[in-house]
């Protein structure tokens, strides 16, 4: 894969075979970031998983970053008011289901649903599923505690999951953020990934951990140095 001149200059500033401690790794990412915008700092954790194993959950990042999420809640009756009072941008039932189904409307970032709505919401799988927007009880987005779910999302609760190659990939901050805040977010993610280790997995769980900016090269981290 070919890279641009700035990328190639960035990788000359360190040995890519070395595994750094957290502080040094974040310092490097900040130093070699070259885009003109405030790049996202991203962590990639490669896990040793069997094909039958998966890792998926949510984590509340201690330090928020980026724009506030636009939340859609599928609910009826008093739960609609509860959702709107808690900060949801949209809340309702058939009107939003039909809008998504008939118009392909997806002007929101995350969906929450009460359990009684999932029979109808499940029909939106072709639209919501492939975008990772389908409410799921495993991630706390199918619940009767609508206010609690919205509060967690606003605090920075995000979903993570291992992809088909066993990599958990998630943004944990911005290049402009204080290093300590990026570190706290990264450790929160790492701790949750470790907590979700499949019970039947034998041998090493974590293969490698890398951190990078949106356009910059990856910097390898010594995983033993991440534990909070």
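Report the calculated FRET efficiency for residue 37 and residue 200 (r = Cβ-Cβ distance, R0 = 45 Å), to the nearest 0.05.
0.55
With a cut-off of 8 Å between alpha carbons and a minimum separation of six or more residues, what is the relative contact order of the chain in percent?
Value for the chain: 40 percent.
Kindly provide the Kirkwood hydrodynamic radius of the chain in Å, to one decimal, from all pairs of distinct alpha carbon atoms.
Every distinct Cα pair counted, the radius reaches 19.2 Å.
For a quick check, take a GNM of the chain with Cα springs below 10 Å and name the residue from 139, 114, 165 with the largest mean-square fluctuation.
Sorting by GNM fluctuation, first place goes to 165.
Using Cβ contacts closer than 10 Å as the measure, can you line up 155, 30, 79 from fewest to most?
The fewest-first ordering by Cβ neighbours comes to 155, 30, 79.
Between helix 22-32 and the chain, what is the angle of the helix's C-alpha long axis to the longest principal axis, kept within 0 to 90° and rounded to the nearest 10?
Helix 22-32 sits roughly 90 degrees off the main axis of the chain.
To the nearest 0.05, what FRET efficiency results for residue 130 and residue 224 with a Förster distance of 45 Å applied to their C-beta separation?
0.75
Could you work out how far apart the two model spin labels at residue 24 and residue 147 are, taking each label as a point 7 Å from the Cα in the direction of the beta carbon, and quote it in nm?
5.0 nm
How many percent of the alpha carbon pairs in the range 71-154 exceed a separation of 19 Å?
Result for the distance tail: 25 percent.
Please give the Cα centre distance for the range 1-31 versus the range 145-217, rounded to the nearest Å.
So the separation of the two Cα centres works out to 21 Å.
Sequence gap at least 6, Cα distance under 8 Å: using those rules, report the relative contact order of the range 91-192 to the nearest whole percent.
The value is 19 percent.
Would you list 3, 169 from fewest to most Cβ contacts within 10 Å?
Going from least to most buried by this count: 3, 169.
Report, in cubic angstrom per residue, the convex hull volume of the C-alpha atoms of the range 131-228.
Hull volume over Cα atoms, normalised by residue count, gives 150 Å³.
What is the angle, in °, between the Cα long axis of helix 179-195 and the longest principal axis of the Cα atoms in the chain? Nearest 10 is fine, range 0 to 90.
It is inclined by approximately 70 degrees.
For the chain, what does -39500 (n - 2.57) per DSSP helix run (n ≥ 4), summed and divided by total residues, give at 222 nm, in deg cm²/dmol to the nearest 500?
-9000 deg cm²/dmol
Give me the angle, in degrees from 0 to 90, between the Cα long axis of helix 146-155 and the longest principal axis of the Cα atoms of the chain, rounded to the nearest 10.
It is inclined by approximately 20 degrees.
Where a number appears in this text, it was derived from the coordinates with a stated rule and is not lab data. Fair warning: this is a prediction, and the values are worked out from it, not measured in the lab. Positions of Cβ are generated from backbone atoms using ideal geometry, with glycine treated the same way; all protein chains shown enter the neighbour counts.
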